[in-house]
1. Taking amide H positions as placed 1.01 Å from N in the peptide plane, with prolines and chain starts having none, which residues 5 or more places from residue 10, or on another chain, fall under 5 Å of its amide H?
2. Provide 169, 152 ordered by accessible surface of protein heavy atoms (probe 1.4 Å), highest first.
3. Just to make sure I understand: if all protein chains stay in place, what is the order of 190, 392, 223 by accessible area at 1.4 Å, largest first?
4. Go from 0 up to the bin containing the longest alpha carbon distance in the stretch 228-355, width 5 Å each, and give me the % of pairs per bin.
5. When the dipole is taken about the Cα centre of the chain, and only Lys, Arg (+1) and Asp, Glu (-1) are charged at their Cβ, what size is it in debye, to the nearest 20?
6. Return a whole-number percent for the relative contact order of the stretch 232-349, with Cα pairs under 8 Å and 6 or more residues apart as the contact set.
7. Report, to the nearest whole %, how much of the accessible area of the stretch 136-292 belongs to carbon and sulfur atoms, 1.4 Å probe, protein only.
8. What do you get for the angle between helix 173-182 and the principal long axis of the chain? Use alpha-carbon atoms, 0 to 90 degrees, nearest ten.
Amino acid sequence: FFGITLRMVLLKVKWGGKTYDVDVDPALGVDVFKAQLQSLTGVPPDRQKISGLKGGMLKDDADLSAMGLKEGQKCMMLGTADAIPEAPKEKPKFLEDMTSEEKAKEYLPSGLANLGNTCYLNSALQTMRVIPELWRDLEACPTQGNMPEQQTSSALRALHKQMDGTPETVAPHIFVSLFRQCYPQFNQQENGHYAQQDAEEAWSSMMTALAQTMKKGDSNSIEELFGGKMSVTLKCLEKDDEPAEVKSEAFRSLKCHINNQTVGLELGLTEGMSEKITKTSPSLEREAVYLKDAKLESLPDYLSVHLVRFFYKADVKKKAKVVRPVQFPMVLDCYTMCSEETKKRLEKGRNILSSRRDAAVERKRNAKKGDSMEVDEEETEEQKAARLADDEYLAGPGNRTGWYELCGVITHKGRDADGGHYVAWVKHKGDWLLFDDNKVEIVREEKVKETAGGAADNHLAYMLLYRTRIPEDAPNKGVCGPP
């Protein structure tokens with residue numbers, strides 16, 4: 001065709017005790033020749049060692065057309081073939097035979113379409129979906145009504161159901177429209193386009209709406225999942241004999257303020273719980289400086305942490321961004337931030353987890369030694385009852401150990417709060433997933449850790465979501481696990 005004349009040469013290639021007839025076109029090069037051999041023998045090109053042709057061992061950049069190949073010429077190949085794939089243990093189910101629900105469970109969760117600077121909302125929604133208890137309670141809760149909180153909660157429930165029923169990208173038109181109507185601060189426009197908003201503020205607004213709707217007697221589901229308490233002591237630094245004021249404060253989120261000395265999350269949180277403030281002194285009858293010292297009294301099942309990266313710059317009248325790296329752990333220990341009384345309460349749970357961890361390490365050590373004499377003793381009824389009692393204790397309300405594991409991160413990329421882009425990183429069925437609006441992909445844990453910070457043009461962690469850590473062998477592991 002088109003003036004090109006093909007000249008095929010039959011080569012006899014010996015490998016593994018067999019001889020293969022290969023029709024080679026010298027003009028197509030070595031890579032095509034090796035691909036032909038792979039299809040015949042199963043040996044990948046990078047393992048093929050071919051000899052018997054002009055020039056000795058065949059190189060990848062060799063010119064076959066200059067080797068004077070002859071019809072029926074013999075050569076030899078060395079190399080190990082890939083293992084033959086095993087037949088599937090379960091009968092394969094074809095995509096066209098699956099229901100939408102089966103597709104959603106089998107494949108990655110659905111992404112959310114960006115409806116005009118809605119990445120801040122999409123990232124908050126995807127992170128929220130990692131909390132199965134929230135959606136379980138919302139499903140059982142009546143949300144009918146015309147109040148903004150009721151409309152928001154009802155739309156959230158409908159959107160969650162829609163996303164659960166399909167692996168395809170979902171366009172959340174109804175929810176976004178209702179959310180903007182109920183909360184006008186997210187309805188701002190610039191030059192005819194919806195403005196970028198703050199993901200943490202969107203998260204807080206949705207949590208407030210759910211708290212107003214998901215009532216449980218004197219409490220609500222959001223307080224049960226996210227509500228904690230801290231003991232706050234206020235001591236006047238200008239009058240030593242003024243009695244210290246002690247009070248209890250509720251929280252749904254902790255703030256990590258970032259300064260020039262902040263290097264890690266734990267230090268940032270600890271420093272933020274001890275600060276100097278100015279307030280009226282009853283004894284001095286004027287403004288005075290006080291030391292505000294806070295300690296955690298009770299810990300929630302889920303702990304959200306806001307890394308305060310934006311601050312207002314009066315000279316340019318805009319929010320600027322702090323890009324300083326703040327390392328955050330995969331497992332957060334809040335023990336040192338707790339009051340002495342709370343530390344004592346945590347000891348039982350911490351001892352349970354520590355002993356089970358040590359036992360697991362010992363089992364792995366014995367398995368590596370290959371000690372065939374090591375036989376696990378059968379659990380007695382008394383031991384089983386004790387273990388179940390420990391499981392029940394750890395599964396009780398709130399966090400009973402002080403240990404949390406990271407399950408979600410919202411990051412921001414860009415130099416200021418009025419622009420840039422938000423995405424969510426979520427732990428799902430043991431894997432970390434990146435939700436970038438409609439794009440969903442599996443990522444390595446190292447990529448999540450890289451969001452600690454350093455450059456405005458990279459994604460920087462802005463909000464962290466931790467869940468209570470419980471034993472891997474606990475029967476109720478799914479209670480605090482991913483959906």
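1. So residue 10 has HN proximity to 24, 72.
2. On the way: 169 70, 152 0 Å².
Ranked list, largest accessible area first: 169, 152.
3. Working: 190 110, 392 140, 223 60 Å².
Final ranking, largest accessible area leading: 392, 190, 223.
4. Percent of Cα pairs in each bin: 2, 9, 15, 17, 17, 16, 12, 8, 3, 1, 0, 0.
5. On the way: 67 positive and 75 negative charges, 250 e Å.
Roughly 1200 debye for the chain.
6. Numbers: 163 pairs, mean separation 33.7, N = 118.
Answer for the stretch 232-349 is 29 percent.
7. Values: 4080 of 8410 Å².
So the carbon and sulfur contribution to the accessible surface is 49 percent.
8. Its long axis makes an angle of about 20 degrees.
The values are calculated or read from the model by the stated rules, or taken from the named source; none is laboratory data. The model shown is predicted, which means the values in this text are computed figures rather than measured ones. Cβ sites come from the backbone with ideal geometry, for glycine too, and all protein chains shown count toward neighbours. Calculation scope for accessible area: heavy atoms of the full protein, side chains included, ligands and nucleic acids excluded. Shrake-Rupley method; radii C 1.70, N 1.55, O 1.52, S 1.80 Å.
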